[in-house]
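Asker: The structure follows.
The values are calculated or read from the model by the stated rules, or taken from the named source; none is laboratory data. Model, not experiment: these values are computed from the prediction. In this analysis, Cβ positions are derived from the backbone assuming ideal geometry, glycine residues included, and neighbour counts consider all displayed protein chains. What goes into the accessible areas is simple: the full protein's heavy atoms, side chains included, and nothing from ligands, DNA or RNA. Shrake-Rupley method; radii C 1.70, N 1.55, O 1.52, S 1.80 Å.
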Amino acid sequence: MPYAAITYDIKGGHEDDVAEVFSGFQRPKSNLVPGGDGAQAGRILATAVFIRDATLVRFIEYEGDLDAVARFMAGQPGVREVERKLAPYLNNPRDTSTEEGFLRTFRASLLRSVTQFAVPRS
């Protein structure tokens, strides 16, 4: 399964505040990601969030098309709420209020994958 990681540049000293933002995260009702034609374009298998000092990283394990995953995330109420609540703690504002802005920000925040390893799953 492929993985993606996106970064957030957080104001130092707010690690606990940022952790609190994620404590009530509202997950999507489904992990199935629709494509532009309505057919399934992927699945979100797992997510995790890590923070240290001024760096926050959101890790995503997914199947399918990463652009479709990003579009799906852009429309999720929980993701939108987290982005709104994180805004005061960001060193650099993120334009995530529209789908286009979210996609631009997602792509700009995406870490380059250097290597990925996984054991076969049954």
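Asker: Pairs needed: first member in the range 77-91, closer than 11 Å to residue 18 by Cβ; second member anywhere, part of a helix (DSSP H, G or I) and not small (Gly, Ala, Ser); C-beta distance under 7 Å; at least 6 residues apart or different chains.
Answerer: 82/21; 82/22; 85/21; 86/18; 86/21; 89/17; 89/18
Asker: Tell me whether the range 64-82 contains one or more residues that are at pLDDT 95 or above, more than 14 Å from residue 41 (Cβ to Cβ), open to solvent by 50 Å² or more (accessible area, probe 1.4 Å) and touching a strand residue (DSSP E or B) at 6+ places or on another chain (Cβ under 7 Å).
Answerer: no
Asker: I've got another one for you. Are any residues in the range 86-95 open to solvent by 20 Å² or more (accessible area, probe 1.4 Å) and closer than 14 Å to residue 11 by Cβ, and if so, which ones? Step through it out loud before you land on a result.
Answerer: Restricting attention to the range 86-95, the residues satisfying the condition of being open to solvent by 20 Å² or more (accessible area, probe 1.4 Å) are 87-89, 91-95.
Scanning the range 86-95 gives 87, 88, 89, 91, 92, 93, 94.
Asker: So in the range 1-20, with the set limited to residues that are within 14 Å of the chain's Cα centre (by Cα) and among the β-branched types (Val, Ile, Thr), which one is most open to solvent (accessible area, probe 1.4 Å)?
Answerer: Only one residue tops the list, namely 7.
Asker: Moving on to the next point. Among all residue pairs at least 6 apart or on different chains, which show Cβ distances below 7 Å where the first residue, located in the range 44-55, is closer than 18 Å to residue 33 by Cα and the second is among the basic types (Lys, Arg) and surrounded by 14 or more Cβ atoms within 10 Å (Cβ to Cβ)?
Answerer: What qualifies is 47/58.
Asker: Can we say residue 98 is modelled with pLDDT under 95, among the hydroxyl-bearing types (Ser, Thr, Tyr), within 15 Å of residue 3 (Cβ to Cβ) and open to solvent by 20 Å² or more (accessible area, probe 1.4 Å)?
Answerer: Spelling it out, it is not the case that residue 98 is modelled with pLDDT under 95, among the hydroxyl-bearing types (Ser, Thr, Tyr), within 15 Å of residue 3 (Cβ to Cβ) and open to solvent by 20 Å² or more (accessible area, probe 1.4 Å).
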